[in-house]
Amino acid sequence: MRKLPDSLVRLLIVIAGLASVVLCIRFLVLPRSLTDMELHKQSAVERELEKPIQFAGSGICQECHEDEPATLAAGYHSTLSCETCHGPAQAHIDDFEYKPKAPRQRDFCPVCHMYDPSRPTGFPQINPIAHNPLLPCIECHDPHDPVPPETPRSCEACHAEIARMKAVSHHVQLECKVCHEATNEHMLHPRAEKPTKPANREFCGSCHAEDSDTVATPHIDLKTHGGRYLCWQCHYPHFPEAS
Amino acid sequence: MNLDAISASENILRETTGFVFPNEIDVLWSIMIVVYPYLTGLVAGAFILASLVKIFKVRELQPTYRLSLLTALAFILIAPLPLVLHLGHPERSYEIFLTPQLGSAMAMFGFVYAWYLMVVLLLEIWFEYRRDMVIWARETKFPLSWIYRILSLFSNDLSQEGLNFDKRATRLITIIGIPSAFLLHGYVGFIFGSVKANPWWSSVLMPIVFLFSAIVSGIALVLILYMVLAPMRGEEINMKCLDRVAAFLFYAVIVDFSLEALDFIHRLYESEESIHILSELIVNKLFLSLVVIQILLGMIVPLAMLAGIRIFRANAELRKLIYFVSAILIQLGIFSVRWNVVIGGQMFSKSFRGLTTYKMEMLGLEGLLLALVLLALPLVILAVLLRFFPPTGSPAKDLSAST
């Protein structure tokens, strides 16, 4: 066999040295908790458990506070946890001297209630600049039972996205009530009582069919236009487009 | 609840338009993740240029061979730093190697990187410089001579056989090196291209586009460095070599340009449902960095200039000027390629109905200042490397001995 070149021998020694260092660290130095997945997960759990507890949870408050949890559970904010507004409160449980913060400022509530098109349909939203400016929200709304002092005046209160869309559409002149029969009850308990929705093609046809007597309304042949599909499978009723 | 955090997030909310999911409001992959593929791209590109000499026997490029290798080394040493800064736990980074997670494409970077640095670059440079280091160890004085001695692993073999073996070894490593360089940067492209939820990234062409833009940027960088360093060392710029580098740069830009155009046309023709938000992204958010800097300044203008001097046979001075200006424009262009991919890909919502804004930090761990430092650091390292490993080699030898 030919002799290996001198340079290669030297390199091989270095490489062997490096490799054995890595292998040593891997198999001798590293704690098992780093290399064994089972142990690793377990030690991660232990590490997390050692962290100080910040949140007390929603159940414990009612052991000492009676009124607020009861009011909260009965009202619109029933899905909210106390600590969502009052902040982490474990320190308060350990020692009453530590008072949880109460968010009394006006800029707190808009975090959830400012108009944002991505909020679910029906979610009450306001424009914080226009809605009774300058006064703190809790002046008029009890944070634990936030009934509006009077029934919302318009559907826009909770269907802001639809209302804003309709306002720039061809249907801007049509009131919501033209197409939806909504009772006052829906304004107070929206999920308990839902308004009606148009159900058939003839409904739209009442204004748009060729034989209807509306003026300044584009007419179509109700029999053929759009086949047998419902009108709103092609036209969004709150923002109808003709193309 | 932290009211500061709330009002901060409210401020960002005002910067968004349309529907943006809550976890998309903040652009999490910051400018650090822009710098990272840019740096690795330079590494891969510089190496490919070096390999042209060794494998494809392009002799004219010999004056840039060692410079390219050292450039690649200087940049690869810094390349993982932006990642480490972004992840924020440098003390844990070694765990990647000790507890390998083979299922994670992101974790594989550690191995791709280690392979490229240790098996390709360092070895090739070692074999290339071994002869010089042995001579330097003999000729220099105490601390320096020992540094060379240690670096050459105390080798003392200047026999013809030994030198021949060095040459063969460099060639072999370069042969392994080319696919490795492709792997290194193709890998970075793969990381983006394989994110199937993101239509701006998800494309099989991504690794290839990344690779060619890497080659473009690497060649342009070596060209700039060569033009700056040669006069500093009091050397004449070798026009034959420069013309050749510029020619390769020109071809690489053409290929890169065609690939990107192909990608663009493909997207336009497919017209998937994402096309509307992507066109809005380009028109509203990326107009400057994509249309003006990347395409116009970074590609069309340099292409026109490089083509111009080929047609009109400009004299040497004008050629130098034009090469230099186009190489700098190309660097700028490739940096915006990275920017547009990384930042652009996070500026539109997966709802395809909203855009958000990237607010760059200035001084923080992921801020502009640190990014600039990271971009400058490889040049400092390169200066040190060039000081101790001058590409001209040991005085006692003539240039042809190293090929």
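Annotations
- Condition check for A:E38: modelled with pLDDT of 90 or more and of a type in the set (D, E, K, R): no
- Taking the conditions (1) under 29 Å from B:R66 (Cβ atoms); (2) surrounded by fewer than 15 Cβ atoms within 10 Å (Cβ to Cβ) in turn, B:R319 satisfies each one other than (2).
- Helices (runs of 4 or more DSSP H) fully within the range B:1-117 counting 3 or more residues that are under 26 Å from B:P179 (Cα atoms) and modelled with pLDDT of 85 or more: B:31-54, B:62-78, B:81-87, B:109-114
- Residue match in the range A:96-114 (condition: within 14 Å of chain B (Cβ to nearest Cβ), without any contact (Cβ under 8 Å) to a residue 12 or more places away in the chain and outside any loop (DSSP other than H, G, I, E, B)): yes
- Members of the range A:7-59 that are closer than 30 Å to B:D132 by Cα and either open to solvent by 70 Å² or more (accessible area, probe 1.4 Å) or in contact with a Ser or Thr (Cβ under 6 Å, 6 or more places away or on another chain) (or both): A:S7, A:R10, A:L12, A:I13, A:I15, A:L18, A:V21
- Residues of the range B:179-194 satisfying the condition of being farther than 11 Å from B:L205 by Cβ, of a type in the set (G, A, S) and assigned to a helix (DSSP H, G or I): B:S180, B:A181, B:G186
- Among (1) closer than 30 Å to B:S326 by Cβ; (2) more than 14 Å from chain A (Cβ to nearest Cβ); (3) assigned to a helix (DSSP H, G or I) - the single one B:I135 does not satisfy: (1)
Conditions (1) closer than 29 Å to B:F19 by Cβ; (2) within 14 Å of chain B (Cβ to nearest Cβ), marked per residue:
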residue	(1), (2)
A:C140	no, no
A:P143	yes, yes
A:V147	no, no
A:K166	yes, no
A:C176	yes, no
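- Some residue of the range A:181-188 being in a loop (DSSP other than H, G, I, E, B), touching a residue at least 24 places away in the same chain (Cβ under 8 Å) and buried (at least 17 other Cβ atoms within 10 Å of the Cβ): no
- Qualifying positions in the range B:283-294 - open to solvent by less than 70 Å² (accessible area, probe 1.4 Å), in contact (Cβ under 8 Å) with a residue 12 or more places away in the chain and not hydroxyl-bearing (S, T, Y): B:K285, B:L286, B:L290, B:I293, B:Q294
- Only one entry of A:A160, A:A199, A:A167, A:A209 meets the criterion of being small (G, A, S) and closer than 27 Å to A:G75 by Cα, and that entry is A:A160.
- Count - residues of the range B:237-277 that are farther than 30 Å from B:V222 by Cβ and either of a type in the set (D, E) or crowded, with 20+ Cβ neighbours inside 10 Å (or both): 4
- Test: residue in the range B:241-256 that is closer than 23 Å to B:L70 by Cβ and within 14 Å of another protein chain (Cβ to nearest Cβ): no
- Filtering the range A:118-177 to residues that are buried (at least 16 other Cβ atoms within 10 Å of the Cβ) and in a strand (DSSP E or B) leaves A:I126, A:D145.
- Only one of the numbered conditions (1) in a helix (DSSP H, G or I); (2) within 12 Å of another protein chain (Cβ to nearest Cβ); (3) surrounded by fewer than 14 Cβ atoms within 10 Å (Cβ to Cβ) is not met by B:Y129, and that is (3).
The values are calculated or read from the model by the stated rules, or taken from the named source; none is laboratory data. Bear in mind the structure is a predicted one, so any value in this text is a computation, not a measurement. Neighbour counts run over all protein chains shown; Cβ positions are idealised from the backbone, glycine included. Just so you know, the surface numbers come from the protein's heavy atoms only, side chains and all, with ligands and any DNA or RNA stripped out. Shrake-Rupley method; radii C 1.70, N 1.55, O 1.52, S 1.80 Å.
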